[in-house]
Amino acid sequence: MYLTSRDALRSALDERSGRRDEIRARVDAYINKRYGIEAYSDVLDRFFPFRSGNGSCAVLPRQIASMNVENMAFELGTAALGLSPMTLSFVRDAFATINHDKLHRLRIPWISWSKKGHMLTQYVRASSDSNAVLEGVPLDGIICEDGVTLPDYHHELRQKAGMCGPVGDVSRFHTYMLEQARNLPEFVYRINGRSEVRHVLGLDRAILERDRPPSFWYYPYYLSWFMDGTLVMFETYDNPLGGVAQAKDMFERVVRELYEGIGFLPLVVKIPPLSKDMLWCNRHFLEHGDDGTLAQAAARLPYGDTVQCFQSIAETVISFR
C-alpha cells in the first residue's frame, strides 16, 4: 500500500501521468456513485488549483502546519526529490488530548543545544486554557496568549523560521461535500457553544456552515485525491503514538475499496512514524533561520528507502545548531 523508494515513486508517477484522463474519469464515476456528486475532478480543481500545475505536488496531511522536525524534514526531503511540497491542514478538526500530534501543537516541545553539545528541552504552552477546557474545540477556535488562533500562531512560527512551503486547508471542502452530496452520513460534527458534538441529521438533512463529516465518510473521496499523480501523499499509518488506533484499519480498508472501485491504489510514500522527536521544534531556526546549509545537506542524502531517508533528514534538523 506504500511506495518506499524514489524509483518506485518515479515509476508510479510516469504511469499515472500517461493515464491521467482515464484515472480522473474512473474517480469521477466512483465518487458520483458513492456520494452522488458529479464532475468531481472539476470540483477539486476549483478548490485546489495547484492540482493544475506542472509536475506533482507532495502533500503532508496534518491538522496544523508547523515548524516541527517532521514538517521541516518533509519540505526539505520532497524538494530534494523534485516535488513541490504542500502541507494540507484541517483547522476545523477538533482538539483531542488522546491525539499525540494535536497535543504537541498546543504544548510545544522546543529543543536547543548547550555550548557543551547537550540537548535542552523546554515545553511552551500556546494557550492558557487547560486540555479539559479545550477538549472538542475546533483547532481554529483555540485562542493563544497573543490573541491569535492556534493555526495562525504556528503559521507565524513557520514564517520566522523561514519555512516557505505553501499551506492549504481542507476544512471548507469537507463542508462543501456535505452540502452537495446526495448520500450523506447519519451524523456530522456540529458546533454547540464552543465545542463540537455529534449531531444526527434529521429528515431535512440541513448542513450548517461549519459542519464536519466523520472520517469514515470522507476517507474514500479524500484518498482518491492521490490517484492520478498530481498529488502524492507522504504519510504512515504505522503510528503507535497517533492516538487513533482505528486510523490504520480504516486506511487499509478504504484503499482496498478504492482499488476495487477504481482499479488503482492511491500514491502514498511511506515516511517515519510521528514519534516524539518528530514533534520537536528546533529553536535555532526560530532565532537564526536556515542559510541554505540544511537544504544542501538534505539534497546530498542518498534516496533509497524513503523511511530511512526522511529519518536521516529529521536527525539533521534536530542536530542543526
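Cross-link partners for Lys248 among the aspartates and glutamates, with Cα-Cα distance under 15 Å and sequence neighbours closer than 8 places in the same chain left out: Glu235, Asp238, Glu257. Taken about its Cα centre, the stretch 162-309 carries a charge dipole of about 320 debye when Lys and Arg each add +1 at the Cβ and Asp and Glu each add -1 at the Cβ. Of all lysines in the structure, the ones whose alpha carbon falls short of 25 Å from that of Lys116, not counting any fewer than 8 places away in one chain, are Lys276. Among the GluC sites (Glu not before Pro) in the stretch 2-74, those placed in a DSSP loop whose Cβ has at most 16 other Cβ atoms within 10 Å are Glu38. Computed from the C-beta positions of Asn192 and Val148 and an R0 of 25 Å, the FRET efficiency is 0.55 to the nearest 0.05.
A Gaussian network model of the chain, with springs between Cα atoms under 10 Å, assigns the largest mean-square fluctuation among Arg46, Arg34, Arg107 to Arg46. A 1.4 Å probe run over the chain, with the rest of the protein chains in place, finds 45 Å² accessible per residue.
Candidate values [x] 38, 20, 20; [y] 37, 34, 21; [z] 32, 27, 16 were compared with semi-axes √(5λ) of the Cα gyration tensor in Å computed on the shown model; the agreeing label is [z].
Rounded to the nearest 0.05, the FRET efficiency derived from the C-beta distance between Ala39 and Glu156 at R0 = 41 Å is 0.60.
The values are calculated or read from the model by the stated rules, or taken from the named source; none is laboratory data. Note that the structure is a prediction, hence the values are computed from the model and not measured. Glycine also receives a Cβ, built like all others from the backbone with ideal geometry; neighbour counts cover every protein chain displayed. Keep in mind that these areas ignore ligands, DNA and RNA; they rest on the heavy atoms of the full protein, side chains included. Shrake-Rupley method; radii C 1.70, N 1.55, O 1.52, S 1.80 Å.
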